[in-house]
Amino acid sequence: MLQRQLYKGVTKTLNFRRADFASLRASLQCVNWERLFMGLDTEGKWNIFKTLLCRYTQQYIPLVSKERHRKAKPLWLNKRVKVEVGNKKRAFKAFKLAGTAETFIRYKEANKACKKAIRQAKIEMERDIAARSKKNPKLFFNYVNSKKMKQEGVGTLLSRGGGTLVDENGEKAEILNSYFSSVYTSEEPDNEGFPFNIPSASNLATGAWVTQEEIQKRLEHVKVNKGPGPDGIHPRVLNELSAVIAKPLHIIFQDSLRFGMVPRDWRIANVVPLFKKGSRSQPENYRPVSLTSVVGKLLEGVIRDRIVEYIAVHNTISLCQHGFMRNRSCQTNLVAFYEEVSRNLDAGMAVDVIYLDFAKAFDTVPHRRLMIKLRNIGLEHNICNWIENWLKDRVQRVVVNGTFSNWASVVSGVPQGSVLGPLLFNLFINDLEVGIESTVSIFADDTKLCKTISSMQDAAALQSDLTKLENWAANWKMRFNVDKCKVMHFGRNNINANYLLNGSVLGASLMEKDLGVFVDHKLSNSRQCHSVATTANKVLSCIKKGIDSRDENIFLPLYRSLVRPHLEYAVQFWAPVLKKDINELERVQRRATKLVKGMEDLSYEVRLSRLGLFSLEKRRLRGDMITLYKYIRGDYRQLGDFSLEKRRLRGDMITLYKYIRGDYRQMGDVLFSHKNNASTHQRSPL
């Protein structure tokens, strides 16, 4: 292993600062991989490759010990600071011995030089963090957390019996692993009643699915700041050696695809528990994220891309599914769904929306039933066989502060954190809407049902659709979390009907958080505006407290990458209408620009000009125009047609000439809502 635990609290990791990658490449370049692989199966070839890679890596990249429980050194500590701290200590010692004015002056000078070196080191560190914050925001939060006396992680957990609290890392890992394993779905030994072995209709090539050049390109784009998987192979090593290891990996990948055999190392996972919300002492409040082999993920990416090509040609994925699909997002889901809601409300009709939540959706996907669906859509047999073997005999262990639990079998689900997992889940629930008369909208496992309600017959029809979804879940071994499923009644003349799911009456809600956006029964966006402003202010305070420098080149990139995205997530759906909401959002940017050095006494408009920023209101208008252009161009065909007139005038390829607006809409209508007369009734070139 390239990263291993020596004893409790001490881990050895690769010291890339002292790595000799040139010699490492030269050594691997001399290996005759064809001769070494001769007569071996996929597992044998992988083991030979991993053994040689680990051997040469340990030879040319030294290891460094890290003590987990020892107080970490400041991240900004560099060689110059160490020298100045040493000079300061020696000067202070000389002053204590001599006690003369001359030695005191020397100590003051050394102390001043030390403070200057520390200040400069912090500025350099913060400048680097700011420059990389957009692509790797984790750097900033690691830097801020390194200053905290107490690090937050897995809290003290309740034991399996629920009687005592457990604080020992090994016991916590076992408790979490036991809970994560308890949610898995078991299947009957046969698949009686379900169609399978339908002839493949795939147009995928059955020969060279992956080339050596493609593998090298993927290796060159591996994210080097990620951690290694259970096989211990670090992404940085793969990236640096991309030119020399592409050939052996090409042989292994081709062999794996041809025979549908997946090495064991690619089917094991270190599970990191991520806290969601609620009490940290409850195991159910943690989400399991699987850290798997980086090399295995490369082949997962190849297979995913081939499947995506196939389903794009054959229009396999339902248009109501917006999760993990090109040109679809949370925003397109919200806009398309609530556009219909708001249109019906404008027409004076009542609408009922049912929000559905699958219990442990990704962890409970039954493997046999998933494979039935993959074969039914016509995927090439070798790919189906590879996925089936990839899901078979999987094991996992939970990691808490460097301490591992025992291994546990994974009998269902698609691994959270894998490359293939999201796509496989989409394919599994793709037929969820079949036979449903009401409007269905899906983002991954978040599902919504919508229907206009003018009588009890309409409510009965919606109940019938809900029962069909209940039967679908039972047939395919999925479960709805009834406590989290809600109904929201829209419209003044709504009859407020009750709906049953699994024998329980769904609770009525006046407000729901839909894909991260607060939606209420009046389609008001004030709560959402207040929520994002509060969150953005918290992050801004974190930057203010965690970063010592107020330099424009440091503070501004952090604001752009960490604060502003909170204010603009799906904003084309929920953009503010009321002046108080507009001002509440703008106050965040007013505060941020005032924190920059030299901007304290300037007006907001001057600050924006000097910093090269636009007001948030202007940015929203620009975003509206870009989004509208994409609608007109056809990027969002799945969202339907809108009431627009286009005229081709001199100088404009596409010109928005007129729009039709209803009276009820505040949310859910990107084309018509939250625009004042000055910015929308005028001719708007796009």
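All of (1) surrounded by 18 or more Cβ atoms within 10 Å (Cβ to Cβ); (2) in the same structural domain as LEU611 (by TED's automatic domain parsing) hold for SER531 with one exception: (1).
Specify the residue that is farthest from LYS223 (Cα to Cα); the eligible residues are those in region 392-449 that are among the charged types (D, E, K, R) and out of contact with any strand residue (DSSP E or B) (no Cβ under 9 Å at 6 or more places or on another chain). Step through it out loud before you land on a result.
First pass over region 392-449, keeping only residues among the charged types (D, E, K, R): 392-394, 397, 431, 433, 437, 445-446, 448.
Retained after the next criterion (residues that are out of contact with any strand residue (DSSP E or B) (no Cβ under 9 Å at 6 or more places or on another chain)): 392, 431.
Values: LYS392: 27, ASP431: 35 Å.
Step by step, filter region 392-449, then rank; the result is ASP431.
Got at least one residue in region 437-444 being farther than 22 Å from THR316 by Cα and of a type in the set (Asp, Glu)? Spell out the reasoning first.
Keep residues of region 437-444 that are farther than 22 Å from THR316 by Cα, which gives none.
Checked region 437-444: no residue is farther than 22 Å from THR316 by Cα and of a type in the set (Asp, Glu).
Being under 20 Å from SER181 (Cα atoms), of a type in the set (A, V, I, L, M, F, W, C) and part of a strand (DSSP E or B): is that true of VAL414 here? When the stated conditions are applied, VAL414 does not pass them.
Would you call VAL335 of a type outside the set (Phe, Trp, Tyr), closer than 27 Å to PHE573 by Cβ and assigned to a helix (DSSP H, G or I)? Here the answer is yes, as VAL335 does meet what is asked.
When region 25-65 is filtered for residues that are touching a Ser or Thr at 6+ places or on another chain (Cβ under 9 Å), within 25 Å of THR13 (Cβ to Cβ) and β-branched (Val, Ile, Thr), only VAL64 remains. For the residues ASP167, ASP190, ASP231, the requirement of being surrounded by 17 or more Cβ atoms within 10 Å (Cβ to Cβ) and modelled with pLDDT under 95 singles out ASP231.
Can you work out which of the residues in region 614-647 that are outside any loop (DSSP other than H, G, I, E, B) and of a type in the set (Ser, Thr, Tyr) is modelled with the lowest pLDDT? That would be TYR631. Among the residues of region 38-56, those that are in contact (Cβ under 8 Å) with a residue 40 or more places away in the chain and over 20 Å from SER27 (Cα atoms) comprise ASP41, THR42, GLU43.
Inspect region 455-473 for any residue being free of Cβ contacts under 8 Å to residues at least 60 places away in the same chain, touching a helix residue (DSSP H, G or I) at 6+ places or on another chain (Cβ under 8 Å) and either more than 23 Å from LEU423 (Cα to Cα) or not aliphatic (A, V, I, L, M) (or both) and give the result as yes or no. Steps first, answer last, please.
First, pick out the residues of region 455-473 that are free of Cβ contacts under 8 Å to residues at least 60 places away in the same chain: 455-458, 460-461, 463-465, 467-468, 470-472.
Checking which are touching a helix residue (DSSP H, G or I) at 6+ places or on another chain (Cβ under 8 Å) leaves us with none.
No, region 455-473 contains no residue that is free of Cβ contacts under 8 Å to residues at least 60 places away in the same chain, touching a helix residue (DSSP H, G or I) at 6+ places or on another chain (Cβ under 8 Å) and either more than 23 Å from LEU423 (Cα to Cα) or not aliphatic (A, V, I, L, M) (or both).
The values are calculated or read from the model by the stated rules, or taken from the named source; none is laboratory data. In this text, all values refer to a predicted model and were calculated from it rather than measured experimentally. Glycine gets a Cβ as well: all are built from the backbone with ideal geometry, and neighbour counts include every protein chain shown.
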